[in-house]
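Undergrad: Dropping a structure here in structure tokens format, bear with me for questions.
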Amino acid sequence: MKLIAGLTLSVALAVGGCTTSMDKANAENNLSHAHMGHVTTAWSDTPDGKGFLPVAIAEAKTAAQHAGFAASKPNDLAWMQTHTKHVLHAVDPSVEPKGPGLGYGVIKAAAGAAKHINAAAMSDGASQNVAAHSVHVATASQNTVDRAKQIVVLGAQLMAATSAAEAAPLVEQIKQLSDALLAGVDANGDGTISWQQGEGGLSEAQKHIGFMVKGEGL
């Protein structure tokens, strides 16, 4: 696992405008804080070295935008397939290498967020605050990975479609899932969207890591 040496961690959450900073010495001495920084601020192989969560959010926004484009012309097979390719690129560029996304993908970024926030919770020196909110962040991130993988499956079906009538219902499902990458869904019908399994998306992950950062006094 790679750590970014000498990093001054500044949390720049892409939605909500919450910006704070982590003390350098504290991050170096507290491995849980370093892993939090990988989620929120910086990692070695991401576009522009950003944190996993901001990358996942940016890719999810691109996927949702192009899913909306695809669904806007349900009678045009070529149009739907073109924009579905763009969705797939934003979700998983190993499936569709060309498109308007960052080239990293929702799946890889959200999975990285889940992995590193779990590592934060399991690190020596992790507080109860980190342990509690890491569950929320990891669950919402994994929900996003699961939805993105469903998009890949539906996208393959859509690319194989031979008529607009066959493709249109698939596009609508892709659109719903793409919107849920950020917003999540109210799976239990209680009128709210929580971090829980099957509900929360990246917005919930972002909210709860914000709580975590505040709780650490960073």
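The values are calculated or read from the model by the stated rules, or taken from the named source; none is laboratory data. Because the structure is a prediction, the values reported are computed rather than measured. As a convention, Cβ positions derive from the backbone with ideal geometry for all residues, glycine included, and neighbour counts pool all protein chains shown. These area figures cover heavy atoms from the full protein model, side chains too; ligands, DNA and RNA do not enter into them. Shrake-Rupley method; radii C 1.70, N 1.55, O 1.52, S 1.80 Å.
Undergrad: Under a crude label model (7 Å from the Cα following the beta-carbon direction), how far is S44 from K214 in nanometres?
TA: 3.4 nm
Undergrad: Report the Cα centroid-to-centroid distance between the range 90-105 and the range 178-215 in angstrom, as an integer.
TA: 24 Å
Undergrad: Let me ask something else. How far apart, in nm, are the 7 Å Cα→Cβ label points at D124 and M159?
TA: 4.7 nm
Undergrad: Take the solvent-accessible surface of the protein heavy atoms, probe 1.4 Å, and return the percent of it on the chain that carbon and sulfur atoms account for.
TA: Carbon and sulfur atoms account for 54 percent of the accessible area of the chain.
Undergrad: Related question: Rolling a 1.4 Å sphere over the protein heavy atoms, what is the accessible area per residue of the chain, to the nearest Å²? Please list the in-between numbers first.
TA: Values: 9540 Å² over 218 residues.
Normalised by residue count, the accessible surface of the chain is 44 Å².
Undergrad: If you don't mind, another one. List the residues whose amide H sits under 5 Å from the amide H of K50, counting only those 5 or more places along or on another chain, with H placed 1.01 Å from N in the peptide plane.
TA: Result for K50 returns W43.
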